[in-house]
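Colleague: For reference, the structure I am asking about is given below.
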Amino acid sequence: MAESAASRAPAGPVLPERMRAARLDARGRVEIAEMPVPRPGPGEALVRLRACGICSSDLLDWYVAGKARGGPFVFGHEPAGEIVAFGPGTQPPPGLEVGSRVFVHHHAPCMACAACRRGDYVHCPVWRRPGLIPGGMAEYAVVAPQVLQHDTLPLPEGAGWEVGVLVEPVACAVHALRRAGFEPGWRVAVIGAGFMGQALGLVARAWGAAERAVVDRLPGRLAWAARRWATLVIDTGDEGRPGAVAGGAGGGPGMEPAATADGHAGERAAGNRGGGTPAGTGRAGTGPGAVAAATGGGGGGRATPVPWLRPGPGADAQAVARMLEDRWGEGADLVLVTPAGEEPLRLGIACARPGGTVVMFAPTAPGCDPAIPGYDVFFREIRLVPSYSAGPGDTRDALALLAAGQVPAAELVTHRYPLADVATAYRQVKDPAALKVMVEL
């Protein structure tokens, strides 16, 4: 008797019934919960997530409280994993199949509406719909049809999960430079040297920025930037000095300097795995004075001295701006402001040249409206450009930069934790020793 087509069809994957996921409540408390493994519907895919980064937005009180109005929610939107199943009738895009190792965006546009035709993908109504269910900090997640078709990307062969984890945040940096109208040869200043400040500086370098200044008060983060991408360091780190800039989430104290063989201060290595056990130790001079910085892409190349400047006592935003002008002849063509709030934004405006561009990279809380120096902005014709999230073109450019090593994923992921220690990982993000914290699922 002839075998039927149905009996010849390969059996689908055997999926578990339950999975673990990390949830946040309205007070920012993290818990591990068990929940059913979701099943993909028509047009969808199921991904076994293997790693997810923690974004600093997951620490914002107003953001978490808004997301948790309906109860604890699965957080995380920087995931990577492997496709394990497709829903009924799903036609995956070329290059994706069961077993593909992928980056998955948590949002994607329809590619057909008026916003998409303008290239304003983050304003597409479909983009606003959840694209990763229940979220990135879970062992399994369903990928919505628009995300599967337009922003699920196969990872390069041999790439670690950290490459996939960093696609979304690096894409946000790509989007910011694109929104600013960046051109090769520009002089760029980055305010704040947390993870996103480092990503912005690395992308600016890869795209041909002629000069790249970093402004922060944390010596370890400044040293990291000086070694990888910065050509000028402005250290505002004297605690209590007017005009000091808070860099990174929380604006906490800097990394504890450690003495090196040549007598300079050096940063403690931030590479931790599971429970905070150091994975290695590295040191670099943090000034004041010159710092040896790599000039090749991704941290390699010839070492050259990077000027390390400190404003004097009582210095304000204008003093920092004068340092740029003294070095470059005028202010920055582009200033990328990563901390939220009025003080960093005013500093960014002061550091821009006449006719320059200032990117507001981080949101303020609802109802918090920073005052800007309107007279100065008007007569110096400063362009203020907000930059929110990223679209499909940005993620592809980000993956290319990561694959080429121009954005060194393994170095930027400074701490790794298993899902069982996700609460510790969440707290680690607030530590100035951390750049990107990744949870392995």
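Colleague: Peptides 133-142, 395-404, 13-22: what's the order by average Cβ count within 10 Å, highest mean first?
Modeller: The packing order, highest mean first, is 133-142, 395-404, 13-22.
Colleague: Taking neighbour Cβ counts within 10 Å as the exposure measure, how do VAL163, VAL98 sort from fewest upward?
Modeller: VAL98, VAL163
Colleague: Kindly put THR364, THR152 in sequence by how many other C-beta atoms sit within 10 Å of each C-beta, fewest to most.
Modeller: Result, fewest neighbours first: THR364, THR152.
Colleague: For segment 68-83, what does the Karplus curve 6.51 cos²θ - 1.76 cosθ + 1.60, with θ = phi - 60°, yield as ³J(HN,Hα) per residue in whole Hz, taken in order and with x for Gly and Pro?
Modeller: Going residue by residue, I get 9, 4, x, x, x, 10, 6, 9, x, 9, 10, x, 8, x, 10, 6 Hz, with x marking Gly and Pro.
Colleague: Same structure, new question: Please list 3J(HN,Hα) in residue order for segment 33-44, calculated via the Karplus relation 6.51 cos²θ - 1.76 cosθ + 1.60 where θ = phi - 60°; whole Hz, with x for glycine and proline.
Modeller: Result, rounded to whole Hz: 10, 9, 8, x, 5, x, 10, x, x, x, x, 9.
Colleague: May I ask you to sort SER57, SER389 by Cβ crowding, counting other Cβ atoms within 10 Å and putting the fewest first?
Modeller: So the ranking, lowest neighbour count to highest, is SER57, SER389.
Colleague: Could you tell me how far the Cα centroid of segment 119-176 sits from the Cα centroid of segment 379-441, in Å?
Modeller: Going from one Cα centre to the other spans 13 Å.
Computed from the coordinates by the stated procedures, all read-outs in this text should not be read as laboratory data. All of these numbers come straight from a predicted model, not from anything done at the bench. Note that we place each Cβ from the backbone using ideal geometry, even for glycine, and neighbour counts take in every protein chain shown.
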